[in-house]
Amino acid sequence: MRSYFHLTAQHIYRVKGVLLRTLWRTEARLQSFLRRMKPGPLTLFSDVTAHWLGSALGFAASLRLADHLAPKQTQSVAELAELISMQPSDLLRLLRILAAHGYFQLSDGGQHVSHTRLSMALRSEAVRAFTELQARLWYRQSFSPKHMKAACEGGLSGFEVATDRHFFDHIENQPQDALLFLESMADITRFCTPYLVECLPVTPSSRVLDVGGGDGELARALATSLPDLVIGVVDRSQTDRSSENTSSKYRFHQGDFFRSVPEGYDHLLLKNILHDWNDELCLAILRHCRAAVEVGDRLTVIECLLPGAGEETTADADTFALDWNVWATLSGRERTAQEYQELLAQVGWKFEKAQPTATPYWLLHARAE
């Protein structure tokens, strides 16, 4: 019965994946067309004021507003305001901008509120932490014109200019910021994992290591899908959640992938790791990964891809935005498939193929030479 269930779930995610990717690319083309048709000042105004909505979403996320509102129930705005210690008039102002964009639904002249499909995404089990992170001042300061200009002149990230330390050094010394960042990364992984697992060439006999796997969100999902899988996580974090759920067991290694990668695994995963670093540091990570495995063992790099020379860019606006984000915060960069292939080849990995998924992520498959 369990085998049948997982096969059925896998089939469902495969179909949903095809539909999602088609919808995503169709929406991107439609948006590109509409932007070309609208007067330039109108499009620019919409773009530069987008952070107004982002700040409202981030504030709602910090209040855990969606968590306080039960699904499929209507609640008094006044009662909800009391729960979160706000004035009803202020909460209504917040709810109006959110409801205008499809987050929550107001009724009875703004006296009652209920969830929508979009506002459910603001719940803690969805992407609340990631939403809050985007609005936090310590994170947003990276993007100020002053800091970005200094970053361009000095070869640093906007974050380093603003704080005098690298992003990861900052969160290592700020537990609350570190927790929010880890939860944010887990939010992304939790949504994407069902679509990624469907594409990963992993079998029950595989010994999988998630390199830089944070608090183990991807490992837990893999262990749930394949209970007999041998899986580990290595990360600098001191958080070990491998024993929280006995049905999703994995082994946690505390370590630094710039120094070494644990041995004993035949399939390594690098999800959202390489885009954080420049080429030199990426090569160091890939070199340690290669040293930890045998000839023929697998590596799967999970990253967004920039289009190559001559490739269509209509559907890649979000990836270009991500490239800007990782540069401003981390001095990182997104890359093309060809650029990843060249990095892999330098340290003993043979690139096999780039595989799209239903998410913005691609799977870059390689084997140890």
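The values are calculated or read from the model by the stated rules, or taken from the named source; none is laboratory data. As the structure is a computational prediction, the values presented were derived from the model and not from experiment. When we count neighbours, we look across all protein chains shown, and the Cβ atoms used for this are built from the backbone with ideal geometry, even at glycine. The protein model used for the area step is the full one, side chains on, heavy atoms only, and it has no ligands, DNA or RNA in it. Shrake-Rupley method; radii C 1.70, N 1.55, O 1.52, S 1.80 Å.
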*Determine which single condition L179 fails, assuming it passes every other condition in (1) open to solvent by less than 10 Å² (accessible area, probe 1.4 Å); (2) in a helix (DSSP H, G or I); (3) free of Cβ contacts under 8 Å to residues at least 40 places away in the same chain.*
(1)
*Assess whether I273 counts as being under 17 Å from A186 (Cβ atoms) and at pLDDT 95 or above.*
yes
*First in segment 116-137 and farther than 17 Å from R190 by Cα, second anywhere and open to solvent by 50 Å² or more (accessible area, probe 1.4 Å) and of a type in the set (K, R), Cβ under 9 Å, 6 or more apart*: Q134/R140
*Using the structure shown, decide if V113 is surrounded by 16 or more Cβ atoms within 10 Å (Cβ to Cβ) and β-branched (V, I, T).*
yes
*Which residue out of L268, L344, L286, L306 is surrounded by 19 or more Cβ atoms within 10 Å (Cβ to Cβ), within 26 Å of T26 (Cα to Cα) and either of a type in the set (F, W, Y) or more than 15 Å from the chain's Cα centre (by Cα) (or both)?*
L306
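Do you know which residues across segment 327-341 are open to solvent by 10 Å² or more (accessible area, probe 1.4 Å) and either touching a residue at least 60 places away in the same chain (Cβ under 8 Å) or in contact with a Ser or Thr (Cβ under 9 Å, 6 or more places away or on another chain) (or both)? Full working, then the answer.
Restricting attention to segment 327-341, the residues satisfying the condition of being open to solvent by 10 Å² or more (accessible area, probe 1.4 Å) are 327, 330-331, 333, 336-339, 341.
Correct list: W327, L330, S331.
Across segment 291-303, what is the total count of residues that are more than 30 Å from D318 (Cβ to Cβ) and open to solvent by 40 Å² or more (accessible area, probe 1.4 Å)?
Within segment 291-303, the subset more than 30 Å from D318 (Cβ to Cβ) is 291-297.
Checking the rest, the ones that are also open to solvent by 40 Å² or more (accessible area, probe 1.4 Å) come to 291, 294-295.
Adding up the residues that qualify gives 3.
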*Limited to segment 182-221, what total is found for residues that are open to solvent by 30 Å² or more (accessible area, probe 1.4 Å) and not in a helix (DSSP H, G or I)?*
6
*Looking at segment 151-176, which of the residues that are open to solvent by less than 40 Å² (accessible area, probe 1.4 Å) and small (G, A, S) is modelled with the lowest pLDDT?*
A151
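Of these, S55, S114, S62, which one is polar (S, T, N, Q) and over 30 Å from D177 (Cβ atoms)? Give the steps one after another, and end with the answer.
Working: S55 fails: over 30 Å from D177 (Cβ atoms); S62 fails: over 30 Å from D177 (Cβ atoms).
After applying the criteria, what remains is S114.
Let's see how each residue does on (1) over 17 Å from F59 (Cα atoms); (2) open to solvent by 40 Å² or more (accessible area, probe 1.4 Å); (3) assigned to a loop (DSSP other than H, G, I, E, B); (4) not hydroxyl-bearing (S, T, Y):
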{"site": "L94", "(1), (2), (3), (4)": "no, no, no, yes"}
{"site": "L98", "(1), (2), (3), (4)": "no, no, no, yes"}
{"site": "G102", "(1), (2), (3), (4)": "no, no, yes, yes"}
{"site": "L106", "(1), (2), (3), (4)": "yes, yes, no, yes"}
{"site": "R123", "(1), (2), (3), (4)": "no, no, yes, yes"}
{"site": "A126", "(1), (2), (3), (4)": "no, no, yes, yes"}
{"site": "F130", "(1), (2), (3), (4)": "no, yes, no, yes"}
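Okay, residues lined up against (1) part of a helix (DSSP H, G or I); (2) open to solvent by 60 Å² or more (accessible area, probe 1.4 Å); (3) more than 21 Å from M120 (Cα to Cα):
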| residue | (1), (2), (3) |
| --- | --- |
| L34 | yes, yes, yes |
| L44 | yes, yes, yes |
| W52 | yes, yes, no |
| D67 | yes, no, no |
| P71 | no, no, no |
| E82 | yes, yes, no |
